[in-house]
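Take a look at the structure below.
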Amino acid sequence: RIILLGASQGGIVSAVTAARHPEETAGLILCYPAFLVHDAVHERFSALDEVSDSFQFEWITAGRPYIEDMWDYDVDSEIGNYTKPVLLLHGDADSVVPISYAERAAEVYPDVSYVVIKGAGHGFRGSSFEEAIGHIFDYIQVIGIAEEP
């Protein structure tokens, strides 16, 4: 009865965790997951030797182990191993994680409900938030975790 829900970097963490522990999860909800991390790392650094122990990466402070873990990591090859239902939500106005990453993930997952939220950016607010919550509630009903009101 455990559903993992992750947004942005929490989305990539939730996706990998679900793929590695499918027997322990009933479902997976991803909101604008940061599947771009591998590409972003390679855009920032041309070699691992350039990476310092601590640096600013976008709006977070990161360290060398973060980059080392992501350097040769192929998220698509792992997340596709998760075969239970996935809800993937992404805004079409996301300026942080391009929607192309969600589109690619939607092709990788064998059982995915992919929803593009019109006008939503990186983070759902206002009516976008309400729409996302509606999709999430529908999803947990469909997979049998929540009962209909």
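The values are calculated or read from the model by the stated rules, or taken from the named source; none is laboratory data. Computed from a predicted structure; not experimentally measured. Glycine gets a Cβ as well: all are built from the backbone with ideal geometry, and neighbour counts include every protein chain shown. Surface areas here come from the heavy atoms of the whole protein model, side chains and all, with no ligands, DNA or RNA. Shrake-Rupley method; radii C 1.70, N 1.55, O 1.52, S 1.80 Å.
Observations
- From the list A93, A120, A106, the one residue that fits, being open to solvent by less than 60 Å² (accessible area, probe 1.4 Å) and under 13 Å from L30 (Cβ atoms), is A106.
- Screening D138 on (1) more than 17 Å from G11 (Cβ to Cβ); (2) surrounded by fewer than 14 Cβ atoms within 10 Å (Cβ to Cβ) shows it passes everything except condition (2).
- Selection of the range 19-69 for residues being hydrophobic (A, V, I, L, M, F, W, C) and within 30 Å of A146 (Cα to Cα) yields A19, A26, L28, I29, L30, C31, A34, F35.
- Take the conditions (1) open to solvent by 20 Å² or more (accessible area, probe 1.4 Å); (2) part of a loop (DSSP other than H, G, I, E, B); (3) touching a helix residue (DSSP H, G or I) at 6+ places or on another chain (Cβ under 8 Å); (4) not small (G, A, S); R125 misses just one of them, which is (3).
- Among the candidates D69, D53, the residue that is within 18 Å of the chain's Cα centre (by Cα) and loosely packed, with under 13 Cβ neighbours inside 10 Å is uniquely D69.
- When G91, G123 are screened for being within 17 Å of the chain's Cα centre (by Cα) and at positive phi, only G123 passes.
- Among the helices (runs of 4 or more DSSP H) confined to the range 35-110, the ones with at least 3 residues that are touching a residue at least 40 places away in the same chain (Cβ under 8 Å) are located at 75-79, 99-108.
- Yes/no for V16 being farther than 22 Å from G144 by Cα and outside any strand (DSSP E or B): yes
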